[in-house]
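What follows draws every value from the coordinates through simple rules; no lab data is involved. Please read these numbers as outputs of a predicted model, since none were measured by experiment. Please note: Cβ atoms are built from the backbone with ideal geometry, for glycine as well, and neighbour counts cover all protein chains shown.
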Amino acid sequence: MSDRIFGLVILIVALGYIFSATLIQTSFLSDPVGSKTFPYIIGGCAIVAALVVMWKPETDPYWPPAITFVRLGLAVIVLVGYDYTLKPLGFIIPTTLASGLLSYQISPRRLPAVLTGVGLSVGLFAVFKFALGLGLYAFPKAWF
Amino acid sequence: METLSLLMDGFAVALTPTTLFLAVIGCILGTIIGALPGLGPSNGVAILIPLAFSLGLDATASLVLMTSVYYGAMYGGRISSILLNIPGDEPALMTTLDGYPMAKAGRAGDALVLSGVASFVGALLATFGLILLAPVLARLAYKFGPAEYFALYILAFSTLGGIASKNQAKAAIAACIGLGISMIGIDNNTSIVRFTYGNLHLYDGVDFLVAIVGLFAVTEVFVFIESHGKDSAIGVKLGKITIPVNDILLCKWAMLRSTLIGFVAGILPGAGASLGSFLSYSAEKAIVKDNSMFGKGDPRGVAAPEAGNNAAAGGALIPMLTLGVPGSGTTAVLLALLMTLNITPGPTLFTDRPDVVWGLIASLLIANVVLLVLNVPMVKFFVRILMVPPWVLLPGVTMVSFVGIYSLSGSTFDLLMMIGFGAMGFFLRKLDVPTVPIILGILLGNRMEDNLRRAMVISDGDWTFLFSSWIAIGFWAAAILGFVGPMFLRGVLKKPVPPTD
């Protein structure tokens, strides 16, 4: 079943891709192949392969329970949050939070997670700043 | 003789203190990366690329560093196979079959030393093979025109899909995803923007490093969150390390045979080290007279796959350097490195940048010796590193990847894409869709299209031009065979499962 859904998703994406390719502007200075043909070929191959996957699906993989997906979703949110805070808040605070939270999600024990967060942020900052010479800020610039 | 003098020049480059230092650092990092479960050669090299840039190294120095990491990771993969029964990377899977039983029988130290020596033999001979074969292939590659290159890229995708993965359709989908992504951005031929949907960040395309780090490193975090990082405690005792001379002598022919098999498997585009170690183990099992001990801790079953996979690692560099077509996931990452360094791999590399090529080869030889020293007397140090728990390791890897990509582009958008690739990689891995073809697609997509379009310009739109030379026809035939053939060999090529406790 998973494979059928996957095939269907790929099929829809491939059709959308081909449709987008039809909208590519054509240049007045074009070669015999042009800008659209190769994307058409890729889309075509993807459609054939997707149909084969739907026609002959493999056995379903093990899907974890819903709570795991909630955890994975949280991990994605943590990473996106890290992405947006890294610049304004400096290195130490976002890294402590993000690595601590990820650590907690892999192994849910509070103290090791906190230690991991603090240790990684300070340790990596030292490596990046002093060994590799990256231009990182430890804390928000406004603080000092 | 010409080769010899070029090699001497190479040593002149490689023996400068800085380069030598980088080779040693690379070997240490590589062995650690290879040994840690869940951090194989491909993602190890991928997350280090941005950091190598921030060090401001020149082309030769960064190549030396990264290829030492690559060779080191190939050595290191065996450590967790033997001690934890978890392959540190895919090619090391075969080493678990006899390595872990040997370790359980109290001979962990012997297994580690033996496999270290086997790795050394395989990698060293393969590097000599590279020295002899690469210039020949580079000369041959001058005969390749756009039609031949297009067929060669097809060959790489089809052998990768046919031999290296279980389901051809899924490998084909993965290749299409990669190729499709590579089309994003400005079209090289006409300067027309494609598939950007008005997003300015996409104008110069999706950076392959973003995709590689996302698919390899970030995905790994999600996988570990799902599995809760099942504890990876070392279940076997490691006593005093001695050199098992008898075992090494017993295995000498096994090592040599496996080196040859692995080397040939490595050269095939798309096949790579996993196939090399698999074939050498199976061949060894078939050749020896008494194979009743195989799977129960036969030293030859440890030496054969290790020699095979390290020889394949050397062989895989040949198509990557001479043709610009990588033979495995990791060489795809190394190709990404070359492209970012603005070095175009291919036959011209050997004439235009001999310092890079021969400096690289010389440092591979040096790296091998360093690795033997690191991996035999100092193996205990690396064993201790295996005890880093996943709940420290994985967050650490993620943070290094983020800072690495961020230091490269400084763009929040790139990091978002990287997270997206990570999430996509998780689902693809669940569905058993290989991710290496995606990387290959992103790397090769533009060159593949350029060659197709150039071929069509030459022939004025006549499609039969693609099959107009014997070299091209040979590639097409090999591509079809490589894609379809494994369907009939599925029973024979079945991958074994690691031994259970």
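Note on the stretch A:2-55: Cα-Cα pairs beyond 14 Å make up 55% of the total pair count. Over 15 Å apart: what share of the alpha carbon pairs of the stretch B:127-194 falls there, rounded to a whole percent? So the pairs more than 15 Å apart make up 70 percent of the total in the stretch B:127-194. Positive-end ranking of B:Ile163, B:Phe467, B:Gly297 along the dipole of the protein assembly as shown, with charges on Cβ about the Cα centre, is headed by B:Gly297. Of the chymotrypsin sites (Phe, Trp or Tyr not before Pro) found in the stretch A:19-86, those that fall in a DSSP loop while having at most 16 other beta-carbon atoms within 10 Å are A:Phe28, A:Tyr62.
The count of lysine pairs in the stretch B:2-488 that are at least 8 places apart or cross chains, and whose C-alpha atoms lie under 22 Å apart, stands at 16.
Could you work out how far helix B:299-315 tilts from the main Cα principal axis of chain B, as a 0 to 90 degree angle to the nearest 10? Tilt of helix B:299-315: around 20 degrees.
Compactness of chain A, taken as the C-alpha radius of gyration over 2.2 N^0.38 Å, stands at 1.62. Relative to the first principal axis of the alpha-carbon coordinates of chain B, what is the inclination of helix B:2-14, with its axis defined by its Cα atoms, in degrees from 0 to 90 and to the nearest 10? Tilt relative to chain B: about 80 degrees.
Across the alpha-carbon atoms of the protein assembly as shown, the computed radius of gyration and Dmax are 24.0, 75 angstrom. In terms of surrounding Cβ atoms within a 10 Å radius of their Cβ, B:Ser165, B:Ser81 rank from fewest to most as B:Ser165, B:Ser81.
With bins 10 Å wide beginning at 0, the percent of Cα pairs of the stretch A:66-143 falling in each bin runs 20, 45, 28, 7, 0. For chain B, averaging the sequence separation of C-alpha pairs within contact (under 8 Å, six or more residues apart) and dividing by the residue count gives a relative contact order of 29 percent. Positive end of the dipole of the stretch B:2-488, charges at C-beta (+1 Lys, Arg; -1 Asp, Glu), about the Cα centre: which of B:Asn446, B:Ala103, B:His228 has its Cα farthest in that direction? Toward the positive end, the furthest listed residue is B:Ala103.
Using only side-chain charges placed at the Cβ, +1 for Lys and Arg and -1 for Asp and Glu, the dipole size of the stretch B:40-153 relative to its Cα centre rounds to 140 debye.
Mind checking the dipole of the stretch B:2-488: about its Cα centre, +1 per Lys or Arg Cβ, -1 per Asp or Glu Cβ, Debye to the nearest 20?
The calculation lands at about 1200 debye.
Treating cross-link reach as a plain straight distance, find the aspartates and glutamates whose alpha-carbon is under 17 Å from the alpha-carbon of A:Lys56, omitting any fewer than eight places away in the same chain. In chain and number order, the partners are A:Asp3, B:Asp432. P(r) tail, the stretch B:135-290: Cα-Cα pairs separated by more than 27 Å, 55% of all pairs. Evaluating kT/(6 pi eta Rh) at 25 °C and 0.890 mPa s, with the Kirkwood radius of the stretch B:70-192 over Cα pairs in the Stokes-Einstein relation, gives 135 µm² s⁻¹. Between the alpha-carbon centres of the stretch A:99-144 and the stretch B:275-317 there is a gap of 43 Å. Between the amide H of B:Arg194 and those of B:Gly185, B:Ile186, B:Asp187, distances stay under 5 Å, these residues lying 5 or more places away or on another chain, with hydrogens modeled in the peptide plane. Remark: chain B is approximated by an ellipsoid whose semi-axes, taken from the C-alpha gyration tensor as √(5λ), come to 34, 25, 23 Å, largest first. Note that the stretch B:176-185 has calculated 3J(HN,Hα) couplings of 5, 4, x, 4, x, 5, 5, 6, 5, x Hz, one per residue in order, obtained from phi through the Karplus relation 6.51 cos²θ - 1.76 cosθ + 1.60 (θ = phi - 60°); glycine and proline are x. Peptide A:95-107 shows a mean partner chain C-beta count of 6 within 10 Å per residue C-beta. What do you get for the angle between helix B:354-375 and the principal long axis of chain B? Use alpha-carbon atoms, 0 to 90 degrees, nearest ten. It works out to around 20 degrees. Here the residues B:Arg139, A:Arg71, A:Arg110, ranked from fewest to most Cβ neighbours within 10 Å of their Cβ, fall in the order A:Arg110, B:Arg139, A:Arg71.
Among A:Leu102, A:Ile18, A:Met54, whose Cα lies farthest out toward the positive end of the dipole of chain A, if unit charges sit on the beta carbon of Lys, Arg (+1) and Asp, Glu (-1)? Projecting each Cα onto the dipole axis, the largest value belongs to A:Leu102. The convex hull drawn around the Cα atoms of the stretch B:368-501, when projected onto a plane and averaged over every direction, covers 15.7 nm².
In peptide B:439-451, how many Cβ atoms from other protein chains are near each Cβ within 10 Å, on average? Walk me through the numbers on the way to the answer.
Working: counts 0, 0, 1, 0, 0, 0, 2, 1, 0, 2, 7, 1, 0.
Per-residue shielding by partner chains comes out at 1.
Around the Cα centre of the protein assembly as shown, unit charges on the Cβ atoms of Lys, Arg, Asp and Glu (plus for the first two, minus for the last two) sum to a dipole of about 1340 debye.
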